[in-house]
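Reviewing the structure listed below.
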Amino acid sequence: MSVQPMSKQLEEVLTHNPWAGKAKSWYKYVPGEKYYFAEDKAAIDQFNVNSNGKTVKVHFELPPQPFIGDPDAPIWILHLCPGYSDIDLYDMVSIDHELDGTPIVKNCTKEAFEERRKSLFRQLDFSEPHPFYVLKEEFRTIKQQNRIHLNGTYGWWYNYLLEGPDSFLTEHDLDKCFVLEAFPYHCDTTDKEKHCNPSASLIRKMCHHDFWCKLVEYAFAQDKAIIARRGVASLVENCLKNVKTDKLCVFTSTQNIYLTKGNVAKRFKHRHRPTQAERDFAFCRITEKLSK
């Protein structure tokens, strides 16, 4: 799939991209390097101390992934933050070890590792935004063993975008999707009963946040089909009070982001479940964009 030239409006928004300079400085692989904005570190360190590692831990040993795909795509997924897996250590920084004692088969070469890093950093500065680069074959590094599915970045997105029951998408539709993270750093939790939730106050302190707001405002102005996690939808409404957000859609589940008819609806509040009309609205928005 060839990448189309960016619109002038998007080019103007991308002049505010704080990640472009970092992409250049991080491009050369240095073992043991930490990846963060110096301005972000104090707030994140304090957050890690306050949570005492029990709720959320922010990882600096992996390059941040603030977005995936082509922002000219018609469907935008507003996600909270990239998760964390030991597989990502292998994928992105070449740390090689057993994963939870599970025997694994690695589908990787030195050339594939270099291509993964190049894809990541080209995405950061949008020098070559590939439609959903994390589902390129180079990212399929860990093969399933004994029916145990080990989810790194490739497995996680493949599962939610392509394997859900009655998924909207096929592999041919991935160029029509763009993912924007509210919090750009990889996070995990030591409490498996709780989900990874950087606080709204922490998100607003990040260097990424102003650019995130500009991108979301651009998406509404361009009439993208926007589907947000419900917590991120609240962030959108609180941070963009002067933007008309009446077409905002959400994932109805708080547990997953399967892009399926049963898991999307127009933004709804103060209720556990959306109405059928709200579900139909989201279905029509997404199918309309996919048909173009």
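The values are calculated or read from the model by the stated rules, or taken from the named source; none is laboratory data. Just so we're clear, the structure is a prediction, and the values are computed from it rather than from any experiment. Please note: Cβ atoms are built from the backbone with ideal geometry, for glycine as well, and neighbour counts cover all protein chains shown.
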Yes/no for C239 being without any contact (Cβ under 8 Å) to a residue 60 or more places away in the chain and not β-branched (V, I, T): yes
Extreme residue, farthest from D223 (Cα to Cα), among residues of the range 1-49 that are modelled with pLDDT under 85 and of a type in the set (F, W, Y): Y29
Hits in the range 220-264 - residues which are in a strand (DSSP E or B) and modelled with pLDDT of 95 or more: A225, I226, I227, A228, C249, V250, F251, V264
Filter pass, E217 being among the acidic types (D, E), more than 17 Å from the chain's Cα centre (by Cα), part of a helix (DSSP H, G or I) and modelled with pLDDT of 90 or more: yes
The range 269-292: number of residues that are over 20 Å from C177 (Cα atoms) and either crowded, with 18+ Cβ neighbours inside 10 Å or touching a strand residue (DSSP E or B) at 6+ places or on another chain (Cβ under 6 Å) (or both): 2
Candidate set from the range 131-166 (those that are hydroxyl-bearing (S, T, Y) and within 18 Å of the chain's Cα centre (by Cα)); member that is modelled with the highest pLDDT: Y160
Residues (in contact with a Lys or Arg (Cβ under 8 Å, 6 or more places away or on another chain), outside any strand (DSSP E or B) and at pLDDT 90 or above) located in the range 65-97: A73, P74, L80
